[in-house]
Every structure is written in C-alpha cells, then in structure tokens.
1. When the residues of segment 55-95 are filtered to those that are modelled with pLDDT of 75 or more and in a loop (DSSP other than H, G, I, E, B), which remaining residue is farthest from Met42 (Cα to Cα)?
2. Consider Ala171 carefully, then state whether it is within 20 Å of Thr52 (Cα to Cα), aliphatic (A, V, I, L, M), modelled with pLDDT of 90 or more and buried (at least 19 other Cβ atoms within 10 Å of the Cβ).
3. Please determine whether any residue of segment 32-48 is under 16 Å from Trp164 (Cα atoms) and outside any loop (DSSP other than H, G, I, E, B).
4. Taking the condition of a type in the set (Val, Ile, Thr) and either at pLDDT 90 or above or surrounded by 12 or more Cβ atoms within 10 Å (Cβ to Cβ) (or both), does Ile144 pass?
5. Mind listing whichever residues of segment 152-181 are among the aliphatic types (A, V, I, L, M), in a loop (DSSP other than H, G, I, E, B) and touching a helix residue (DSSP H, G or I) at 6+ places or on another chain (Cβ under 8 Å)?
Amino acid sequence: MKFADPKNDLVFKKIFGDENHKNILISLYNSILGDTNANKYMLDFKVLDFHTLAIEVFSKNGENVLVKFKSTDNRLNMSVNKNLEEMDEIMFLNNRNLGDFDYVMNIFILSGSLIFKHTANYTSFMFVSDKYTMRCELKYFDCILELSQMNKDIYQLSSMLDKWIYFLKNASNLTMIPKEYKNIKEFEDAFNIITQITLDTKDLRDE
C-alpha cells in the first residue's frame, strides 16, 4: 500500500480541506491548541478558499476565527502585512471583512526547522506586541508546527498532537496503517484519503 505525502501542500489540502470529513481538521486544530477534550476549541468550520485552505472556525466559546493553513519546507512568509493582505483578498471574494473575526491565525506546517528557535516543542506561537505596553493589540497570530521536532518511535506516541505530527512527517514512508492509529476515526479517514490520492509529477511539487 502506498500513501501520498501529507507534507505536499496539495495533498495536505485534500486531506484537511475536505468538508465531507470535517472531523480530520477539527482534530488537528484542537490538538495544536492543546485541547484534551474533543471539540473544545473548534466545533465546526467552513472552507472559505480551498487554494489557500482558509477556513472560518466556529469555536465553543463563541469566538469567530479566520485560519489559513500552509504546508511548506523552509519557505516561511512571516510578513504580517502580506499575510493580512492575502486574507483580506479572500474576505473580499466572500463578501466579508477581517473585522468580522475575533482574531486571525496562520498555521504553517513546516518540514524544516526554525533557525532562531531554542526549544524542542512542536508548536511555536508568534504574535505582534506593542513596543511600550507589550500588549497584543493586533489580533493576529502565526502558529508554526515543526515536523522535524518529531523524533519519537511510533510506540511512544501518547497525545493526539504526537500522532498528527508523526502522521504528517512519516505517512508517505508507511506501507500499512499502524495499529496505533486504528479505531481512531479521524486517522482512519485521513489514511483512506491519502490512499486514494494520485497526483501528476507537477502536482507533487509544493505550490
């Protein structure tokens, strides 16, 4: 059995942007935010733009969040202005405004490593703070998920985030669904999707 590589941006979008399998993205999003109770952060979502995998998140606490996902190697676009401009364009196409959302977040799935990072955590959250008050006045965040930080063997995976990081990093090297992932619906659905994906050579390059 051969699995498509979730690290490829198009494959990533086909897995996580499928509104017929919303449980997959809900599980990933909640695990990134550190949720231990199913659906605490994200209850539901709506895909606003598949090309950039921009989604509107409906949270349990009532917050309305705009989130954009990108799977990449080392090419991170950390320009706040550029990222907000891209999101503003998406809002224009959907007859919406950025002001409709409580906050905006970019989530980068990074195959490489951050050269300026000094911890071994999978996730890094970055925000813009005021120089004088040190308050986060701009409700914009970047979340970076580093696959290179996953060095566990499969039998050592304990959390849902562990399992998602391992899946994203190693799925293309597997020949069968590991027992550690069986009977977990979101992972069975994800493996089923990447079993069915066939891409042309040009599609296998990151967009």
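1. Asn95
2. Details: within 20 Å of Thr52 (Cα to Cα): no; aliphatic (A, V, I, L, M): yes; modelled with pLDDT of 90 or more: yes; buried (at least 19 other Cβ atoms within 10 Å of the Cβ): yes.
So Ala171 fails the test.
3. yes
4. Values: of a type in the set (Val, Ile, Thr): yes; either at pLDDT 90 or above or surrounded by 12 or more Cβ atoms within 10 Å (Cβ to Cβ) (or both): yes.
Yes: the conditions hold for Ile144.
5. At the first step, the residues of segment 152-181 found to be among the aliphatic types (A, V, I, L, M) are 154, 157, 160-161, 165, 168, 171, 174, 176-177.
Filter once more, so that each one left must be in a loop (DSSP other than H, G, I, E, B): 157, 174, 176-177.
If the condition is that a residue be among the aliphatic types (A, V, I, L, M), in a loop (DSSP other than H, G, I, E, B) and touching a helix residue (DSSP H, G or I) at 6+ places or on another chain (Cβ under 8 Å), then Leu157, Ile177 are the ones that fit.
The values are calculated or read from the model by the stated rules, or taken from the named source; none is laboratory data. Here the structure is a predicted model, which means the values were calculated and not measured. No Cβ is skipped: glycine too gets one built from the backbone with ideal geometry, and neighbour counts run over all protein chains shown.
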